[in-house]
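A.B. asks: Following this message is one structure expressed as structure tokens.
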Amino acid sequence: MAAFVKSVNKKLACKDLLAYVKTLTPSVLEGLYNHPASCLAIFRELPDFAKHYVMRILFVEQVMVKQNVVATWIEKDYANEHLDAIKALTGLHIVHEHMQYCGLPAWKLNESFKKSLQIALMGGGNGANSLEMLPPDKYAKDIAFLDSYAQERWECILHYIVQSKEGSGGISREVTEILLHSGLVSKDGVNSDTFITAAGFQFLLLDISSQIWYFMIRYLETVESRGMNIVECLTFMFQLSFLTLGKDYSSDKMSDNQQRFLQHLREFGLVYQRKRKCQRFYPTRLAINLTSSTPKDIALETHKQGFIMVETNYRVYAYTDFQIWLLQALLEKVSALHLLRGSQLTRLSTS
Amino acid sequence: MAYRSDESSLLIVVLDTNPVWWGQQLSKPNRDLTFTNCIEELLVFCNSHLMMDQRNKLCVIAAHPSKNKFLFPKSELADETASDDSEIMRQTKSDGQYELFAKVSETIREEVKDLIFSDTSGELHADCMLSGAMSMALCYINRVEKEQLNKESFSSRILVIKGSEDHQSQYMNFMMVIFTAQKQNTIIDACILDQESSLLQQACDITNGIYLKIPQLSGLLQYLLCVFLPDAKIRKKMTLPTNVKIDYRAACFCHRNLVDIGYVCSVCLSS
């Protein structure tokens, strides 16, 4: 009993973007800072003071600014926040410490970060990494189509987590591997089917944007083992999060690694491509602002009404026409009519 | 623990586009700040504001002597050119600038050109319709507040960038604007390029804003980023310029002259 309680109390830990980026090596970070989109995404996640410090020295020609000068920029009562900001900036190698000739320590902004952030703000880059626009698409898709596509793909994955006994219809081997790696499902033997774990239950309880983010972090952890370049994948992910919903972009200039990444994203429902060989793709609502931690309103799950009734004889009736994955995982299905699903809560079904 | 604010921020920039004053700047010997440079630096500042937080919003209003105009977002009356707009977006240069920033920059540049070319009256005024522009700003804030779907709190502030002189005829309207802003908890900041303005000093003092006369015009962008970029919550924590001695003299209602001692009517409170 105590072991059961312990496992339930272990909450699903999900890193936000800064925590994830801090785990990367300095060389990967240096590679990331050459791209405007990554710098912009990371900048937005910094603590407030850190953002203002960067803005103040972004356009200054003088290379270094003394540390005691920076300390005078804020009121003395907020020293803790100041230290937290400096720690974030140095931890991410955005500023480096230098000793000036006068013997006083100073901060210097990372050159590639500075240049890329200036390009993100004002333009003027060489366009080597950016996504181009193509002539109008005769098979153009509107936002409602993209939303339904994204929802259908993501529900496929949720369906697999919940009911993997029905086989892996529509899910590739790679997704299964990621789910196993992240501990959302697990296997008994080598060739047996997968079943949902406690972590998987907590995953189902999250809102969709947290689910997507958790899943992407786990995916990125397996990128190196697949032989793909983490810098290219991360850069593309950051670029994707800043695109406009409803517009199509060209996948012409992307490297092989990025093309492979694009196909995976297509499977998760983050982008839509009409055919595999098609040169244009549409980002869906799940991909926009993926990396930001501010609350997003993903309107995929609104406008759905229904009722759930729980009776004291452990029968649960759901009056709705869409699938509720949590119920399916926890309950034993008794009847399924068009608008009514009846199920039973038993000891067996919750274990 | 991440020290990040939960509030988004709406910034409205009211830019003084008086052609007389800007024309005089061109004829100055050292040409510290031309109109083109000012617009470019303002664009970088506006994009920086949008960069700080994904939810931040922006509005730019031009205060011209003859009229006021929304530079961003584009006025809805211009919808007949919507199809041209999508063509412009298709040809957006792919040079690494974030799309939203590119859109803001292009829109503001187009609208400024439109404003200047459409001013064919030939009349010269030394001031601009500042109180009108600020009233438009307050109305916009009110509208955005009503349109907020999820009732998230946001703070709003108005930054006035002014070069031309004050005109006392605007005193009455200006005072009403200031008191409305105070009631709406909107901060009014003033970035003064040339002549001191007692009206704006009072506005900044009443609404807890910052009044700054720029010492070096060539460094306008750096002053904007250092002083005017932080929003209301962060300002309390940072060391920013405090307000100077303010000229609180009222203007007489009939002649619009500033008076030290005056009589106030007990019925309507006009002085």
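The values are calculated or read from the model by the stated rules, or taken from the named source; none is laboratory data. Since the model is a prediction, treat every value here as computed from it, not as a measurement. Neighbour counts are summed over all protein chains in view; Cβ atoms, including those assigned to glycine, are modelled from backbone coordinates with ideal geometry. Quick note on the areas: whole protein, heavy atoms, side chains included, nothing else; ligands and nucleic acids left out. Shrake-Rupley method; radii C 1.70, N 1.55, O 1.52, S 1.80 Å.
A.B. asks: Under 5 Å between amide hydrogens, which residues at least 5 positions from B:LEU71 or on another chain qualify, with H placed 1.01 Å from N in the peptide plane?
C.D. replies: When sequence neighbours closer than 5 places are left aside, the close amide H contacts are B:VAL60, B:ILE61, B:ALA62.
A.B. asks: Rounded to the nearest 100 Å², what's the accessible area chains A and B bury against each other, both chains counted, probe 1.4 Å? Intermediate results must be reported in sequence, preceding the final value.
C.D. replies: Values: alone 19450 and 15350 Å², together 30810 Å².
The buried area between A and B, both sides summed, comes to about 4000 Å².
A.B. asks: Please compute the net charge surrounding B:ASN37, taking Lys and Arg as +1 and Asp and Glu as -1 over other residues with Cβ under 14 Å from its Cβ.
C.D. replies: Cβ neighbours under 14 Å give a net charge of 0.
A.B. asks: Straight-line reach from A:LYS15: which aspartates and glutamates have a Cα under 16 Å away, not including same-chain ones fewer than 8 places off?
C.D. replies: Within reach: A:GLU45, A:ASP207, A:GLU221.
A.B. asks: Would you mind telling me the share, in percent, of accessible area of the range A:40-160 contributed by carbon and sulfur at probe 1.4 angstrom? Numbers along the way, then the final one.
C.D. replies: Working: 3150 of 5720 Å².
Within the range A:40-160, the accessible surface is 55 percent carbon and sulfur.
A.B. asks: Further, regarding this structure: Can you classify the range A:248-288 as rounded, prolate or oblate using the Cα gyration tensor, where a ≥ b ≥ c are the square roots of its eigenvalues, rounded means a/c under 1.5, and otherwise it's prolate if a/b beats b/c and oblate if not? Provide the component values of the computation, followed by the final result.
C.D. replies: Working: a/c = 1.58, a/b = 1.34, b/c = 1.18.
Taking the square roots of the gyration eigenvalues as a ≥ b ≥ c, the range A:248-288 is prolate.
A.B. asks: From the cross-link list A:LYS76/B:LYS162; B:LYS113/B:LYS162; B:LYS162/B:LYS237, which pairs have alpha carbons spaced over 23 Å apart?
C.D. replies: Beyond 23 Å between Cα atoms: A:LYS76/B:LYS162; B:LYS162/B:LYS237.
A.B. asks: Around A:ARG315, under 13 Å between beta carbons, what's the net of Lys plus Arg minus Asp minus Glu among the other residues?
C.D. replies: Net local charge, A:ARG315 excluded: 0.
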